[in-house]
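Each value in this text was obtained by applying a stated rule to the coordinates, not by laboratory testing. Being a predicted model, the structure only gives us computed values, none of them experimental. Note that each Cβ is placed from the backbone with ideal geometry, even for glycine, and that neighbours are counted across all protein chains shown.
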Amino acid sequence: MTLLLAPMEGLLDFTLRDILTRAGGIDRCVSEFIRVTGTLLPERVFTRIVPELLNGGRTRVGVPVHAQLLGSDPVCLAENAARLAALGPAGIDLNFGCPAKVVNRHGGGAALLQDPELLGRIVAAVRHAVPAPLPVSAKMRLGFDDDARAVECAQAIAGGGAGELVVHARTRAHGYRPPAYWERIADIRCAIDIPVIANGEIWTVDDALRCRAVSGCHALMLGRGAVADPGLALAIAAQGRGEGAGAPGGLAWPAVLPLLREFWALVAVHIALPRHRAGRLKQWLHYLRRRYPEAELAYAAVRTLEDPQVLSQRLFGPDAARA
């Protein structure tokens, strides 16, 4: 079983990718999107969003990272993909799934699912612009307002030359509301001849097993489920090896706490404003509350705090290093 870590703007940035890949079980990551809006971006933009480019396209523990591009102009995307390729990513991914209104309003993300012909032209342009050995993949939703053209969109992406397709089993209109329609991924998988990866509403090992059974996909992409349970990928992988039976997760809270401390240290280095640092820590604690009662208590203890030193001492003890 192959397990990927999803791109999630504003949540799964390189700091959290670093920490979650340290937890184990993740085979590959996709970065949050790099937005292309009509200009050739300087190299520093790519390396700021995907600092793993400075480490051979991998996280610090060696997990490969595919850099994701978002845009709607085939020519401009191709030019930026060529520059990105020169920086050595593990692969290039194309975003055809972002549901954000500000992105869709400008014809990007899930809005492109209304124009399968354009999808194909974008993929083909990027595929032709980068070296043949470099993987080019895409991530799509089932559609914009409905899923009537899901198969047509997937066929356009595959026809354009993508080597792999992740399908988030909801439309843009569905947002992140459950359920995820994994059976529609099965329809797509049967209609194209490239590997398809299932994504959406995988919170537990049992969810992963049901998603595999319904979608027919060997590979899964984890998003919010892995953020809420850093051991989820480990538990799913163990189940795939026949070593577990529906365990909710692979890490107990005493093993999560050092990861939280390491995350806090990274945030202190990379985020200048103290209140923004505090916000990032609280954001992750908010997700962890879903899985860990201890996280509920920790979140309550720091919810109103913004001073990094006070927050650090409250969460990690009086001897904690000052942020």
With label points built 7 Å along Cα→Cβ from the Cα atoms of residue 206 and residue 146, find their separation and express it in nm. 3.3
As a footprinting exposure proxy, order 307, 115 by other Cβ within 10 Å, with the fewest listed first. 307, 115
May I ask what percent, to the nearest 5, of DSSP beta bridges between residues of the chain are antiparallel? 5
Under a Cβ-only charge scheme (Lys and Arg +1, Asp and Glu -1), can you give me the dipole magnitude of region 2-240 about the Cα centre, in debye to the nearest 20? 380
Assuming 0.36 nm per residue, please report the length gained on full extension of the stretch residue 252 to residue 276 beyond their Cα-Cα distance. 5.9 nm
Can you give me the angle between helix 293-302 and the longest principal axis of the chain, using Cα atoms only, in degrees from 0 to 90, rounded to the nearest 10? 70
Computed label-point distance, nm, for sites residue 39 and residue 173 using a 7 Å Cα→Cβ extension: 3.7
In the list [x] 59, 46, 34; [y] 68, 41, 38; [z] 76, 47, 33, the entry giving Cα extents along the principal axes in Å computed from the coordinates is [x]
Counting alpha carbon pairs within less than 8 Å and at least 6 residues apart, what relative contact order, in whole percent, applies to the chain? 14
Normalised by the number of residues in region 253-316, what is the relative contact order in percent for Cα pairs under 8 Å and 6+ residues apart? 31
Angle check, please: helix 14-23 long axis (alpha carbons) against the longest principal axis of the chain (alpha carbons), in degrees 0 to 90, nearest 10. 70
Just from its helices, what would the mean residue ellipticity at 222 nm be for the chain, if runs of 4 or more DSSP H residues each count -39500 (n - 2.57) and the sum is divided by every residue, rounded to the nearest 500 deg cm²/dmol? -13500 deg cm²/dmol
Under the rule of at least 5 residues apart or a separate chain, name every residue whose amide H is placed under 5 Å from the amide H of residue 33. 9
Projected label distance in nm at residue 303 and residue 128, using a 7 Å step from Cα toward the beta-carbon: 5.6
Placing +1 on the Cβ of each Lys and Arg and -1 on the Cβ of each Asp and Glu in region 103-246, which of 114, 216, 205 has its Cα farthest towards the positive end of the resulting dipole? 114
